[in-house]
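Worksheet: the structure to be examined is printed underneath.
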Amino acid sequence: MIWHRRDAQPTERDLLALADGSLSASRRTRVERAVAASSELQADIAAQGRALQAVRDATEERAPTALRARLELARDPHSRRQVGRPAWATAGVSVAALAAAAAVVLGGGAATSPTVAAAATLATRAAQAPTTVAHNGSALTWPRAAGLPFPNWAGRFGFSAVGVREDRLDGRLATTVFYSRAGQRVAYTIVSGSPLAVGAHTRLSTWNGTVLRSFPAGGRAVVTWLRSGHTCVLSGDWRLESDLLRLAVWNPARGYTD
Amino acid sequence: MSRRLDPDHLGDHMDRLYRAAWGLCGSREDAEDLVQETFARVLRKPRLLRSDDDLGYLLRVLRNTHFSARRAAKRRLRPDPLPDELDLVEDRSAREPHEALEASELYALIAALPAGFRDALVAIDLLGLSYREAARALQVREATITTRLHRARLRLAHALDGKEEAKKGVLRGREQ
């Protein structure tokens, strides 16, 4: 359906422009007259209109906040500065806490990259598989082998494991299990290797010798501690901070007496 | 005269690139990964552009990254993502579930168009490039873009009509 005689029939470009409203006034009358005289052209314009309306409705979709946080981190993964933040940081939830990675080290171990903040962003990504599928898969293999099974909080706290994802942070394995309870979501990440650095502005708590650090990041609460020298990161909605601390120190065998 | 792409302003294009990525991939999760990988690729080294068309340049990188990822994906196993109702992030900017579902269906239909048609529609109707910018970004003639966009819109309309008919059929089936 291509028209080469510019003045006689509408061109394909004319039809596109008429449908999306960009046709110039000088061409519009002539093209509209041609369309009015042809049922085929009317059907063409109507079909384009349906497609365009659907596309326009969908262009209200915005990039998720979590993606913005990930991109800020990708832009400057080892940032230690608070100034000169990129413009997009102001467009979504502030993730300054994620970018600020001052050299405070968990448990006194050596400072290594990546940071706890980087690990916490994994919780904002989608799960790759349900835990039922991943139960015998590779994602949960290394934590089990390292004596770091993910806890079952369903009975005591009502948080059921619903999904799992596996990532690499600068070559380290990082496994995240997502838990859900009545619409509340928390994510538990274990990062292999030596302790990760955390930000300077963290709140310190201890429970029977376990040192926990908590800080806000991107509207979420993050709690981090060590298990057998590996870094654990638990995060959820900021209103769940006290719940996260309780979850972090709960031992399935001994409750809170560990 | 070339100029350097300003990393601090990449975020200005994020929403549009995200929608373009979704149109290419047909999946929201894949779109997020694609945008992240695209930005990581762009940020890896300074980029010199010969025009003011940042968005066209980013679309070109996005497409190249998409093709590379598809080639790599063919070589490895990959678990299915969780369904939408198990989205694990509270995102106050997110749309209502039914709206998100409709958007998912639309982007899946766009992604299913033949590659040339899909790319033209993504560049012009989703990303908002001019015909000239789209032609430069996709490295085809403007006339080709015109034809492909026209066919893409008609095919998309046809696919939407088919979806609508299928839904009506399901509703009729439930009523009987």
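Here, each number is a calculation from the coordinates, and none is a lab measurement. All values derive from a computational prediction rather than experimental measurement. Glycine also receives a Cβ, built like all others from the backbone with ideal geometry; neighbour counts cover every protein chain displayed.
May I ask you to order B:60-66, A:12-18, B:6-12 by the average number of other C-beta atoms within 10 Å around their residues, highest value first?
Order by mean packing, descending: A:12-18, B:60-66, B:6-12.
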Exercise. Hey, rough spin-label estimate for B:D52 and A:N152, points 7 angstrom out along Cα→Cβ, what's it come to in nanometres?
Worked result: 6.4 nm
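Using r as the Cβ-Cβ distance of B:L43 and B:E165, and R0 as 30 Å, what FRET efficiency do you calculate, to the nearest 0.05? Mind dumping the intermediate values first?
On the way: r = 45 Å, r/R0 = 1.51.
Step by step, r from the Cβ atoms, then E = 0.10.
Once R0 is set to 45 Å, what does the formula 1/(1 + (r/R0)^6) return for the Cβ-Cβ distance between A:R227 and B:R132, expressed as a FRET efficiency to the nearest 0.05?
Details: r = 58 Å, r/R0 = 1.28.
Here the calculated transfer efficiency is 0.20.
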Exercise. For the pair B:Q139 and A:R168, how long in nm is the line joining their label points, each one 7 Å along Cα→Cβ?
Worked result: 2.9 nm
Problem set entry | Segments B:45-52, A:176-183, B:135-142 sorted - mean Cβ within 10 Å per residue, highest first | A:176-183, B:135-142, B:45-52
For this session: Compute the distance in nm between two label points, each set 7 Å from the Cα along the Cα-to-Cβ direction, one at A:T141 and one at A:V211.
Result: 3.4 nm
Problem set entry | Segment A:R30-A:L204, length gained on full extension (0.36 nm per residue, minus Cα span) | 55.2 nm
Problem set entry | For segment A:116-121, 3J(HN,Hα) per residue [Karplus equation, 6.51 cos²θ - 1.76 cosθ + 1.60, θ = phi - 60°, Hz, x = Gly/Pro] | 4, 4, 5, 5, 5, 5
Exercise. Which residues in segment B:39-71 place their backbone N less than 15 Å from a point set 7 Å from the Cα of B:H9 along the Cα-to-Cβ direction?
Worked result: B:47-58
Problem set entry | Among B:146-153, B:27-34, the order from most to least packed when residues are scored by Cβ within 10 Å on average | B:146-153, B:27-34
For this session: Determine ³J(HN,Hα), in whole Hz, for all residues of segment A:152-157 in sequence, where each value follows from phi through the Karplus function 6.51 cos²θ - 1.76 cosθ + 1.60 and θ = phi - 60°; x replaces Gly and Pro.
Result: 9, 9, 4, x, 7, 10
Exercise. Which shape class, rounded, prolate or oblate, goes with segment B:1-66 when its Cα gyration tensor gives a ≥ b ≥ c as root eigenvalues, a/c under 1.5 marks rounded, and past that a/b bigger than b/c marks prolate?
Worked result: prolate
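If you take the beta carbon distance between A:S22 and A:Q184 as r and set R0 to 51 Å, what does 1/(1 + (r/R0)^6) give as a FRET efficiency, to the nearest 0.05?
That pair, A:S22 with A:Q184, gives E of 0.60.
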Exercise. What list do you get for B:L160, A:L244 if you sort them by fewest beta carbons within 10 Å?
Worked result: B:L160, A:L244
